[in-house]
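The values are calculated or read from the model by the stated rules, or taken from the named source; none is laboratory data. These figures come from a predicted structure and were not determined experimentally. As a convention, Cβ positions derive from the backbone with ideal geometry for all residues, glycine included, and neighbour counts pool all protein chains shown. Note: accessible area is taken over every heavy atom of the protein model, side chains too, but ligands, DNA and RNA are not part of it. Shrake-Rupley method; radii C 1.70, N 1.55, O 1.52, S 1.80 Å.
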Amino acid sequence: MKYRRVGSSGIKVSEIGLGSWLTYGTATEQKAADACIQQAFESGINFFDTSNAYNRGEGERALGAALRPFERSSYVLSTKVFFNMGDGPNDGGLSRKHIMEQCDASLKRLGTDYIDIYFCHRYDQNAPLEETLRALDDLTAQGKILYSAVSEWSAAQIADATGIAKRLNLRPLISNQPIYNMFERYIEQEVIPVSEREGIGQIVFSPLAQGILTGKYRKGQQLPTDSRAANDSINHVLKSYLRDDVLDCVDQLDGLASQLGVSISQLALAWVLRLPGISSALIGASRPQQIVENVKAVELELSADVVQEIEAILEQVKHFAPLR
C-alpha cells in the first residue's frame, strides 16, 4: 500500500480507502463487513469512510462494530453530516444545531471518541456558510473531530468557504469528496484547480462507476442476479450506465487491461490515482477478495502512452451524463 497526504494537511491516508455506501449496514451482513475490514487492514488500508445518512445510521454502527478490535490510532475514520436524520425542521442541513447534534450521534453510533475527518455531505443553500464553518471549527477545538471537509461542493462553494475561513482565522478544510471515475470527470475542469490552490485534496467515491468498471456487466448479457444492477432498491444511478456506448468502452478498456496483465478495475483505479490531487479512491466491497484485487492498483503506474490510449477510448462517451 502507498499513502498520500490529504491536501496540504499532515494526515496520511491509503491510496485505496474503504467506503460503506450501499454495503455495510444495508446489503451486507455484519459478518461480511467484519471480514472485509480485516482484509483491508491486512492489505494496508488505513482509511475508512461512512456517513450518518447511510441507512439512517446503520452504516456507522456496522463500520464502528467492525473497527472495534483495532487500535484507534491505527486508522483514519471519516463520516458525514447534511441529509435528513428525522422529520423535524432542524433534522437536516448544515445549521450549527444539526451539525453539533449529529456529530455527537455519529460518535455514539461509531463507538469512538473522535472522528478524523468530518465531511459536510452536500452544500446547504439555507444555512449561512460562516455558521457552518464556525460549528466545524468549534468541534475541532472540542476534539470531537480532527479535520473538517466537504463533499460534492462546487469550485465556487469551495472558494467561498476557504475565503471565509481565512478571514475568520478558522481551521482550514482539508478535503473534498466528489464522484470521480472514467465516465464522470467534472472535477477536472474547476474543482481540482481551485482545491489544489487552497490545499484541499480529493477523496473520491465511485472510482469504479458503481461496478461498471469491474467488467461484470456486458452488452447483450443478462445482469448477474447477485449484482447491484439487479437490485432495484439501489440501482437507480447504476442503470444509467448500462448503455451500449458505455459498455463498448468497458470492453475496449478490458482489452487494454488484459494487454497490461491487470484487471479492468485495477486499470480504472490506477487511472484515478494518476492525478497528484487525488488523496484516496474509495472502493466498496462485500467480499474480501474484492479488496485483495483492487489494492493491487497502487502498484500500477500508467505510462503517458497508456493514458493517451485510455483517453482515445473514452472520447466516445465524453458527453455522457449519468442520472444523479
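Worth a mention:
- The range 171-262 holds helices (runs of 4 or more DSSP H) entirely within its bounds, and those carrying 2 or more residues that are modelled with pLDDT under 95 and within 28 Å of E301 (Cβ to Cβ) map to 244-260.
- Within the range 54-75, considering residues that are more than 12 Å from L110 (Cβ to Cβ) and among the small types (G, A, S), the one least open to solvent (accessible area, probe 1.4 Å): S74
- Filtered by the rule that a residue be modelled with pLDDT under 95, open to solvent by 30 Å² or more (accessible area, probe 1.4 Å) and not in a helix (DSSP H, G or I), the range 299-321 gives K318, H319, A321.
- Considered as a group, the residues in the range 257-273 that are closer than 27 Å to Q189 by Cα and not hydrophobic (A, V, I, L, M, F, W, C) include one that is least open to solvent (accessible area, probe 1.4 Å), and that residue is S265.
- Pair list, Cβ under 8 Å, 6 or more apart: the range 191-218 residue within 23 Å of V246 (Cβ to Cβ) and of a type in the set (A, V, I, L, M), other residue open to solvent by 20 Å² or more (accessible area, probe 1.4 Å) and in a helix (DSSP H, G or I): L208/T214
- In this structure, D116 qualifies as in contact (Cβ under 8 Å) with a residue 40 or more places away in the chain and part of a strand (DSSP E or B).
- Pick from the range 126-136, criterion out of contact with any strand residue (DSSP E or B) (no Cβ under 6 Å at 6 or more places or on another chain) and outside any loop (DSSP other than H, G, I, E, B), ranking: most open to solvent (accessible area, probe 1.4 Å): R134
- Taking the range 76-112 as the range and being assigned to a helix (DSSP H, G or I), open to solvent by 20 Å² or more (accessible area, probe 1.4 Å) and of a type in the set (G, A, S) as the test, only A105 passes.
- F41 vs. criteria more than 17 Å from the chain's Cα centre (by Cα), modelled with pLDDT of 95 or more and of a type outside the set (D, E): yes
- Residues satisfying the stated conditions in the range 274-292, i.e. part of a loop (DSSP other than H, G, I, E, B) and either of a type in the set (G, A, S) or farther than 17 Å from V191 by Cβ (or both): G277, G284, A285, S286, R287
- Residue list for the range 137-170, restricted to those being assigned to a helix (DSSP H, G or I), among the polar types (S, T, N, Q) and within 20 Å of L110 (Cβ to Cβ): T140
- The range 137-161, residues that are more than 25 Å from S206 (Cβ to Cβ) and open to solvent by less than 20 Å² (accessible area, probe 1.4 Å): L139
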